[in-house]
Amino acid sequence: MKQTLRLLAHGTLAVAATLMLTGCRTKGPDDTTVAQDEGDHDHDGHDHDGHDHDGHDHDENGHDKNGDEENSTTGDKTANDTAPSDPETAESPRTVNLGPSEWPMWGGTMNRNMISLATGLNFADFVPPLDDEPGRGIIFQAQLGSQTYGNPVVGSGVILVGTNNGAGHRPKHQGDRGVVLCFDMDGKMLWQLTREKLASGRVNDWPLQGICSSPAIDGDRAYVVTNRCELMCVDLKGFHDGENDGVYQDEVDAEEMDADIVWSLDMIEEYGVFPHNLATSSPVIYGDLIYILTSNGVDEAHLEVPSPRSPSFMAINKNTGEVEWADNTPFDNVLHGQWGSAAIGIVNGKAQVYFPGGDGWLYAMDCETGDHVWKFDLNPKDSVWELGGAGSRNAIIATPVFYDNSVYLAVGQDPEHGEGVGHLYRIDATKTGDVSATLDEDGDGEGEPNPDSGMIWHYGGEDEDGSQTGREGSDIFRRTLSTVAVSNGIVYAADLSGRLHAVDNKTGTRLAEVDVLAGIWGSPLVVNGHLLLGDEDGDLAIYKAEKDLPLVREVIFNSSIYSTATIVGNIMYVTDRSRLYAISLK
């Protein structure tokens with residue numbers, strides 16, 4: 001087993017992890033889908049999925065409604081967490097987790113807590129197909145591009161996933177393209193959204209990355225941010241219904257296997273946005289509005305922001321594509337890019353949207369008006385940004401999670417910048433104004449305690465006395481791309497260095513740390529008492545969702561897993577670098 005476990009016991013901890021980043025072979029069938037018979041082959045493989053599920057019902061704010069004492073609506077409070085924990089329910093098509101019937105957006109719900117409500121799952125028997133072996137429990141596999149960073153979403157009878165054009169499903173489209181593939185529930189490809197690369201090249205549209213945004217499904221429509229920095233609404237039926245839906249009537253690609261674009265918002269053309277390297281935001285929907293980050297960032301030299309007055313955060317009407325409001329915070333203070341996604345929570349009956357800003361701050365804004373409610377600096381005041389990741393100040397890649405009137409978020413950087421010290425926070429969402437842990441009114445980087453701080457706890461930084469890691473001066477938590485999962489009093493968080501952390505939700509203290517010995521790009525998923533997490537080696541590890549993170553098994557796939565698994569009903573959808581797998585968990 002490729003695992004090292006560090007369990008905190010009486011202030012002692014085992015030695016720190018060693019990161020192993022290795023290349024993985026890529027295997028793919030010639031056909032779009034390959035149905036698999038259940039065989040008797042048994043591969044001890046690895047599987048990457050970032051979701052942890054406790055099998056409990058949750059309300060619109062992520063509360064566990066099955067009586068979990070630590071995470072109940074009456075418990076799980078600290079001295080700073082005095083907010084009412086049962087906010088008024090607001091009507092919205094996506095205010096509640098729709099359970100095992102669908103996973104329609106990144107994180108499943110607008111709260112983005114990586115929890116699936118599927119139950120009765122069997123993680124012991126499935127085996128992915130490797131080399132010439134057919135595997136076991138494989139419903140279908142479908143060829144994707146040569147690089148896949150988008151997460152599969154499932155809803156309204158289809159599966160959507162963003163990738164590049166490496167599969168060549170549409171022969172008329174040759175070369176590098178951004179692609180969203182739509183499959184039916186049997187793995188048959190229905191249509192492909194195809195977007196050409198931007199002429200400006202890698203500064204705005206990095207080669208071969210495809211479409212990294214995870215679409216959001218709402219009824220018979222889906223919304224996705226393309227590699228060209230467009231927010232597009234597409235008809236899930238495509239042109240199979242014989243109709244060209246919506247106001248967008250100028251599709252160059254209008255054949256049956258092409259996507260039917262309903263409307264399109266070009267953020268470069270209409271708002272002057274300068275996406276650094278790639279536009280990646282995964283839309284979140286609340287009521288009639290879609291919320292995204294534009295990916296506005298720095299120039300190719302990484303020295304200045306070419307379009308500081310262009311918006312970073314936007315709210316768009318899902319029916320018309322018209323911008324309801326836009327905000328250009330953080331103006332010219334963007335450190336690098338803005339590749340995160342927004343989350344939504346209901347606080348005292350009011351909907352807030354949480355944007356991870358490119359300056360390393362988290363911004364809470366009124367969903368309806370765009371007014372700022374509060375902000376929080378996720379970096380120490382003495383931290384410094386340096387090119388190439390050499391500094392101590394970090395940007396944000398992860399998605400905020402709203403749970404029990406709190407927001408959870410950790411910092412990170414472009415993975416090419418490598419490892420570095422990181423920080424994870426739990427923040428009281430009921431406050432207003434600057435709720436950072438410290439203030440730096442003099443600008444000297446010293447920082448003074450903030451009397452209005454919303455920080456409930458902080459996990460990360462250096463372990464000066466070795467009480468958490470067992471080694472003085474070592475990093476407690478490192479830079480991350482991953483979104484957390486909060487379940488049964490435990491916060492599960494992964495970092496880029498290949499460590500999975502279990503953190504006490506009340507106190508922010510470490511319960512356990514596991515070294516997976518490979519880089520982690522995806523997020524932990526909690527489901528049915530288990531936690532799934534993939535890694536860059538192509539391993540999907542399955543743990544018990546418990547404070548000591550006991551390993552159940554590891555499953556190896558054909559190539560790196562950069563995304564997070566999706567579970568709908570008793571079917572798990574996993575993408576490695578070049579294939580989508582539908583796997584039975586009966």
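Could you run through the stretch 530-553 and say how many residues are farther than 25 Å from Arg579 by Cα and either out of contact with any His (no Cβ under 7 Å at 6 or more places or on another chain) or buried (at least 22 other Cβ atoms within 10 Å of the Cβ) (or both)? Explain how you work it out, then say what you get.
Here is the first cut: in the stretch 530-553, the ones farther than 25 Å from Arg579 by Cα are 544-551.
Of the ones still in play, those that are also either out of contact with any His (no Cβ under 7 Å at 6 or more places or on another chain) or buried (at least 22 other Cβ atoms within 10 Å of the Cβ) (or both) are 545-551.
Residues that pass the stated criteria total 7.
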Residues that are surrounded by fewer than 20 Cβ atoms within 10 Å (Cβ to Cβ) and either touching a Lys or Arg at 6+ places or on another chain (Cβ under 6 Å) or within 16 Å of Gly357 (Cα to Cα) (or both), drawn from the stretch 401-416: Asp414
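Among the residues of the stretch 450-465, which ones are part of a strand (DSSP E or B) and either modelled with pLDDT under 95 or of a type in the set (Gly, Ala, Ser) (or both)?
Narrowing the stretch 450-465 to residues part of a strand (DSSP E or B): 455-460, 462-463.
Selection gives Gly460, Glu462, Asp463.
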Residue satisfying condition, being at pLDDT 95 or above, farther than 18 Å from Leu481 by Cα and touching a Ser or Thr at 6+ places or on another chain (Cβ under 6 Å), within set Ile567, Ile583, Ile542: Ile567
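What number of residues in the stretch 137-153 are under 22 Å from Val127 (Cβ atoms) and assigned to a strand (DSSP E or B)?
Result for the stretch 137-153: 6.
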Qualifying residue in the stretch 417-427 (condition: buried (at least 19 other Cβ atoms within 10 Å of the Cβ), assigned to a loop (DSSP other than H, G, I, E, B) and out of contact with any His (no Cβ under 6 Å at 6 or more places or on another chain)): yes
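Can you tell me which residue among Ile556, Ile567 is within 27 Å of Gln147 (Cβ to Cβ), of a type outside the set (S, T, N, Q) and surrounded by fewer than 24 Cβ atoms within 10 Å (Cβ to Cβ)?
Details: Ile567 fails: surrounded by fewer than 24 Cβ atoms within 10 Å (Cβ to Cβ).
Going through Ile556, Ile567 in turn, just one is within 27 Å of Gln147 (Cβ to Cβ), of a type outside the set (S, T, N, Q) and surrounded by fewer than 24 Cβ atoms within 10 Å (Cβ to Cβ): Ile556.
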Residues of the stretch 269-310 satisfying the condition of being in contact with a helix residue (DSSP H, G or I) (Cβ under 8 Å, 6 or more places away or on another chain), surrounded by fewer than 20 Cβ atoms within 10 Å (Cβ to Cβ) and closer than 22 Å to Ser214 by Cα: none
Residue in the stretch 431-444 that is nearest to Thr480 (Cα to Cα), counting only those that are polar (S, T, N, Q) and surrounded by fewer than 19 Cβ atoms within 10 Å (Cβ to Cβ): Thr438
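The rows are residues; the columns are (1) under 27 Å from Ser156 (Cβ atoms); (2) in contact with a helix residue (DSSP H, G or I) (Cβ under 8 Å, 6 or more places away or on another chain).
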position	(1), (2)
Gly498	no, no
Asp504	no, no
Leu533	no, no
Lys544	no, no
Ser559	no, no
Tyr562	yes, no
Val568	yes, yes
Ser584	yes, no
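Would it be correct to say that Ala315 is crowded, with 20+ Cβ neighbours inside 10 Å, of a type in the set (Gly, Ala, Ser) and under 23 Å from Leu198 (Cβ atoms)? Please lay out each step first, then the result.
On the way: crowded, with 20+ Cβ neighbours inside 10 Å: yes; of a type in the set (Gly, Ala, Ser): yes; under 23 Å from Leu198 (Cβ atoms): no.
The answer is no for Ala315.
Of a type in the set (A, V, I, L, M), within 19 Å of Ser295 (Cα to Cα) and in a loop (DSSP other than H, G, I, E, B): which single residue out of Ala364, Ala398 fits that description? Let's see the steps before the verdict.
On the way: Ala364 fails: in a loop (DSSP other than H, G, I, E, B).
One residue alone meets the criteria, Ala398.
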Qualifying residue in the stretch 485-499 (condition: closer than 13 Å to Ser523 by Cβ and β-branched (Val, Ile, Thr)): yes
Conditions (1) more than 23 Å from Arg112 (Cα to Cα); (2) assigned to a loop (DSSP other than H, G, I, E, B); (3) among the acidic types (Asp, Glu); (4) more than 20 Å from the chain's Cα centre (by Cα); number of the one not met by Glu554: (2)
Verdict on Gly447 being closer than 20 Å to Phe376 by Cβ, buried (at least 17 other Cβ atoms within 10 Å of the Cβ) and modelled with pLDDT under 90: yes
For Ile476: the one exception among (1) under 21 Å from Ala390 (Cα atoms); (2) in contact (Cβ under 8 Å) with a residue 40 or more places away in the chain: (2)
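Would you pick out the residues in the stretch 379-400 that are under 20 Å from Val435 (Cβ atoms) and crowded, with 16+ Cβ neighbours inside 10 Å?
Quick first cut of the stretch 379-400, residues under 20 Å from Val435 (Cβ atoms) only: 379-383, 393-396, 398-400.
Selection gives Asn379, Pro380, Lys381, Ser383, Arg393, Asn394, Ala395, Ile396, Ala398, Thr399, Pro400.
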Exclusive hit being within 26 Å of the chain's Cα centre (by Cα) and surrounded by fewer than 18 Cβ atoms within 10 Å (Cβ to Cβ), set Asp266, Asp250, Asp241, Asp235: Asp266
Within the stretch 117-173, tally of residues that are buried (at least 17 other Cβ atoms within 10 Å of the Cβ), over 18 Å from Ser559 (Cβ atoms) and of a type in the set (A, V, I, L, M): 9
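The values are calculated or read from the model by the stated rules, or taken from the named source; none is laboratory data. Everything numeric here is computed off the predicted structure, so don't read it as measured data. Counting neighbours? That spans all protein chains shown, and the Cβs are built from the backbone with ideal geometry, glycine included.
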